[in-house]
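Read through the structure below, which is laid out as structure tokens, and then see the notes.
The values are calculated or read from the model by the stated rules, or taken from the named source; none is laboratory data. All values reported here derive from a predicted model rather than from experimental measurement. Note that we place each Cβ from the backbone using ideal geometry, even for glycine, and neighbour counts take in every protein chain shown. Accessible surface areas use protein heavy atoms only, side chains included; no ligands, DNA or RNA. Shrake-Rupley method; radii C 1.70, N 1.55, O 1.52, S 1.80 Å.
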Amino acid sequence: MGESEPQKPPYFKMAFANPYNLSLFLGGLAASALVLNPVTALVVLGAEGLWLLHAPESKALRKLLWDPQYEKLRIALEQRAREERMRALDPADQRRVQTLVARQQDIDRLAAQNPSFTGDLLRSELLKTRKLVDAFVDMAVTVDRYESYLNTVDLNDLDRQRQRFTARAAAKNTPDAERDIAKKNAAVIDKRMEKLQDIRAYLGVARGQLDLIENSFQLIADQIVTMQSPAELSGQLDDLLDGVESIRQTAVDTEKFLAEATQ
């Protein structure tokens, strides 16, 4: 089950596989076998067929049983997947994610209590908060990975190498073949230093976006009680998602560079 994609609960499976139905169904078949009465088995099978025909489509059962059960399962699966992805983060960043998740749950709860939000509109907006939490985790992991890579690079040494190759290429007594290689080395180092600057620029923007998501979630939690329309919530969430997507696109070239640098 995708963490941020809307999924239709498997109502038929939930109706059949729940322990109460299985115990009654299998118990009824076992009783018919003990008394050697096929009529009892037919009654049990007929009752089970009626149950599976009507129970999955029952709005009352969905509201009282199936939807709460599915939501509990969804949250548990999301949490398990999130914890797996968070292992790469340091404890401070893990706490930031946990705080953001708690704030998201506050927003979900307060939005559900706001009578201005209808069911379908509410679900579409709350889906965006889950996407933002997922994006926050992904971005935090990326920031941590980029910072770890930068810590392995000695910029001063890289600059010294560039100066050495540049000087060698400019020296009058350098043979032509060696001068050509020196120019190529200097050009490669220039590109590396340029890309490292791009990574630093990305980190500055990404850290700011992480802060913005946290602060926006806090603001939305403060505002949502008095919001008169889901459109007010939608606008803020859409702006955050646009910012996340922009940063994600910026990271594409950086990912290619890191893949080549770590090969």
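When you go through Leu29, Leu22, Leu42, Leu34 one by one, which is the residue that is within 44 Å of the chain's Cα centre (by Cα) and in a helix (DSSP H, G or I)? Talk me through it step by step, then tell me what you get.
Values: Leu29 fails: within 44 Å of the chain's Cα centre (by Cα); Leu42 fails: within 44 Å of the chain's Cα centre (by Cα); Leu34 fails: within 44 Å of the chain's Cα centre (by Cα).
The conditions single out Leu22.
Does Val44 count as modelled with pLDDT of 70 or more and touching a Leu at 6+ places or on another chain (Cβ under 9 Å)? For Val44, the condition - modelled with pLDDT of 70 or more and touching a Leu at 6+ places or on another chain (Cβ under 9 Å) - is met.
Could you tell me whether Arg160 is open to solvent by 70 Å² or more (accessible area, probe 1.4 Å), of a type in the set (Lys, Arg) and over 23 Å from the mean Cα position of the chain (by Cα)? Walk me through it before giving the result.
Numbers: open to solvent by 70 Å² or more (accessible area, probe 1.4 Å): yes; of a type in the set (Lys, Arg): yes; over 23 Å from the mean Cα position of the chain (by Cα): yes.
Here the answer is yes, as Arg160 does meet what is asked.
Taking the range 183-192 as the range and being surrounded by 15 or more Cβ atoms within 10 Å (Cβ to Cβ) and in contact (Cβ under 8 Å) with a residue 24 or more places away in the chain as the test, the residues that pass are Asn185, Ala186, Ile189, Arg192. Cβ separations smaller than 8 Å between residues 6+ apart or across chains give no pair from the range 142-168 residues that are within 14 Å of Lys191 (Cβ to Cβ) to residues that are aliphatic (A, V, I, L, M) and open to solvent by 60 Å² or more (accessible area, probe 1.4 Å). In summary, Thr174 fulfils each of the numbered conditions (1) open to solvent by less than 40 Å² (accessible area, probe 1.4 Å); (2) touching a residue at least 40 places away in the same chain (Cβ under 8 Å) with the single exception of condition (2).
Residue under question is Gln228, and the condition is that it be at pLDDT below 90 and open to solvent by 50 Å² or more (accessible area, probe 1.4 Å); does it hold? So that I can check it myself, show each step before the final result.
Numbers: at pLDDT below 90: yes; open to solvent by 50 Å² or more (accessible area, probe 1.4 Å): yes.
Yes: the conditions hold for Gln228.
Considering every residue within the range 112-121, establish whether at least one is closer than 30 Å to Asp93 by Cα, in contact (Cβ under 8 Å) with a residue 40 or more places away in the chain, assigned to a helix (DSSP H, G or I) and in contact with a helix residue (DSSP H, G or I) (Cβ under 7 Å, 6 or more places away or on another chain). No, the conditions are met nowhere in the range 112-121. Only one of the listed residues (Leu77, Leu100, Leu127, Leu89) is touching an Asp or Glu at 6+ places or on another chain (Cβ under 9 Å), in contact (Cβ under 8 Å) with a residue 40 or more places away in the chain and not in a helix (DSSP H, G or I). That residue is Leu89. Condition first: at pLDDT below 75, of a type in the set (Val, Ile, Thr), over 20 Å from the mean Cα position of the chain (by Cα) and loosely packed, with under 12 Cβ neighbours inside 10 Å. Can you find one or more residues in the range 109-126 that meet it? Yes, the range 109-126 contains a residue that is at pLDDT below 75, of a type in the set (Val, Ile, Thr), over 20 Å from the mean Cα position of the chain (by Cα) and loosely packed, with under 12 Cβ neighbours inside 10 Å.
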